[in-house]
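A.B. asks: Please see the structure below; I have some questions.
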Amino acid sequence: MDRLGELERLQLLRDSGTLTDEEFQIEKTRILGPAKQLNNRVLIFSAIALALAVLVVGVVGFHPYLGQTRPAPATAPPQAQAQAQALKPAPTTPVSEALPATSKLQQLFRRDILGAQLPYLEASTGPARNVVGSDRTYLVEGCEINVHADGKTISSIGLARISPKCNVSLKDFGFDGPMTDHITFGMLERIGFATQYSADCLDSCGNAFDPFAYALVQTPHVNGFVEFRAGANTEIEPMLTATMKWADLMRGAKGEDYVTQTRFNCDQAFNPAASRLFANMKINSIEVGNFPAAKCQ
């Protein structure tokens, strides 16, 4: 029986007095209950379907890649990209590229330049400005570079005139001290096991050239026997006074000819005196490498 027929029957039973109003309401509720529940279920399922539809539409509208055959790679916001980049490990850099940039002049004062072929050097310097026998002069960044080459093999390299501009570090050659414009004879002596002092001249030098006094410092086997030949202009104070004291000491002991004929260059007897007098004198030139022994008669 359908619900409408049952309701009509209940109405007749109440009108005839067979059912009280309370009983009528109970039976009416019993008859209408399933329909009401059904309606509630329909409403619930409709609400769920509507919510799903809204969710799907929202996701499709928000996500630009749904429905694409091959999704494009996602692009993170700039801030996220920066954070991700900062977290990436640093790429491994070859040691040669990690070294700090140096001047063209400093690049010439490397240990591997000794024993190298001249073309290796001249790839950086260009051709020599002057060539006299085995000695060559180059101009690099306005600085005069002296190179001695036996044949085509470089045996020494040096700065002819040290200045704040023409200034290098000699650390690659084993001298772990200041730049060349602050080096003294005493500093160089301390890294060697033998030092020989000499000079172009000490008396009546004339005006043809600037006279220099030199110290040839020999370093031990641990440093590959590399030698340093440092020089200082003997006509500039305070080197002038120190040189004159050295000359007077030798003149008093050996006579005038010993000094004027530079016999002291082949004699080590007055090396201790020169070492003491020149210890705090700054050098004006420097050469590094291997130097032939002085020819003395």
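The values are calculated or read from the model by the stated rules, or taken from the named source; none is laboratory data. If you're wondering where the values come from, they're calculated on a predicted model, not measured in any experiment. When we count neighbours, we look across all protein chains shown, and the Cβ atoms used for this are built from the backbone with ideal geometry, even at glycine.
A.B. asks: Just to check your reading of the model, which residue among Asn167, Asn223, Asn233 is farther than 16 Å from Asn265 by Cβ, surrounded by 13 or more Cβ atoms within 10 Å (Cβ to Cβ) and at pLDDT below 95? Write out each step before concluding.
C.D. replies: Working: Asn167 fails: at pLDDT below 95; Asn233 fails: at pLDDT below 95.
None of the other options fit; the residue is Asn223.
A.B. asks: What are the residues in the range 121-154 that are under 24 Å from Gly224 (Cα atoms), in contact (Cβ under 8 Å) with a residue 24 or more places away in the chain and surrounded by fewer than 17 Cβ atoms within 10 Å (Cβ to Cβ), if any?
C.D. replies: Lys152, Thr153
A.B. asks: Might you let me know whether the range 246-261 holds any residue that is of a type in the set (Phe, Trp, Tyr), surrounded by fewer than 21 Cβ atoms within 10 Å (Cβ to Cβ) and over 23 Å from Gly192 (Cβ atoms)? Quick ask: steps written out before the conclusion?
C.D. replies: Going residue by residue through the range 246-261, those that are of a type in the set (Phe, Trp, Tyr) are 246, 258.
Now drop any that are not surrounded by fewer than 21 Cβ atoms within 10 Å (Cβ to Cβ), which leaves 258.
Narrowing further to those that are over 23 Å from Gly192 (Cβ atoms): 258.
Looking through the range 246-261, at least one residue is of a type in the set (Phe, Trp, Tyr), surrounded by fewer than 21 Cβ atoms within 10 Å (Cβ to Cβ) and over 23 Å from Gly192 (Cβ atoms).
A.B. asks: Please work out if Ile236 is closer than 26 Å to Phe175 by Cβ, out of contact with any Phe, Trp or Tyr (no Cβ under 9 Å at 6 or more places or on another chain) and not polar (S, T, N, Q).
C.D. replies: Working: closer than 26 Å to Phe175 by Cβ: yes; out of contact with any Phe, Trp or Tyr (no Cβ under 9 Å at 6 or more places or on another chain): yes; not polar (S, T, N, Q): yes.
Answer is yes for this residue.
A.B. asks: Check Asn280 against each of (1) modelled with pLDDT of 95 or more; (2) part of a loop (DSSP other than H, G, I, E, B); (3) surrounded by 15 or more Cβ atoms within 10 Å (Cβ to Cβ) and name the one condition it does not meet.
C.D. replies: Among (1) modelled with pLDDT of 95 or more; (2) part of a loop (DSSP other than H, G, I, E, B); (3) surrounded by 15 or more Cβ atoms within 10 Å (Cβ to Cβ), the lone unmet condition for Asn280 is (3).
A.B. asks: Quick one: Val288 ticks every box in (1) hydrophobic (A, V, I, L, M, F, W, C); (2) surrounded by 15 or more Cβ atoms within 10 Å (Cβ to Cβ); (3) in a helix (DSSP H, G or I) except a single one, so which number is it?
C.D. replies: Among (1) hydrophobic (A, V, I, L, M, F, W, C); (2) surrounded by 15 or more Cβ atoms within 10 Å (Cβ to Cβ); (3) in a helix (DSSP H, G or I), Val288 violates only (3).
A.B. asks: Looking only at the range 161-201, count how many residues are in contact with a Ser or Thr (Cβ under 6 Å, 6 or more places away or on another chain) and under 20 Å from Thr243 (Cα atoms).
C.D. replies: Selection size over the range 161-201: 2.
A.B. asks: Quick check on the range 202-216. Is at least one of its residues under 26 Å from the mean Cα position of the chain (by Cα) and in contact (Cβ under 8 Å) with a residue 60 or more places away in the chain?
C.D. replies: The initial filter retains those residues of the range 202-216 that are under 26 Å from the mean Cα position of the chain (by Cα), namely none.
Checked the range 202-216: no residue is under 26 Å from the mean Cα position of the chain (by Cα) and in contact (Cβ under 8 Å) with a residue 60 or more places away in the chain.
A.B. asks: Shifting gears a bit: Only strands (runs of 3 or more DSSP E) wholly contained in the range 149-248 count here; list those with 2 or more residues that are not assigned by TED's automatic domain parsing to the domain that holds Leu277. Lay out the reasoning, then the answer.
C.D. replies: Details: elements: 153-159, 194-199, 212-218, 227-233.
Output list reads 153-159.
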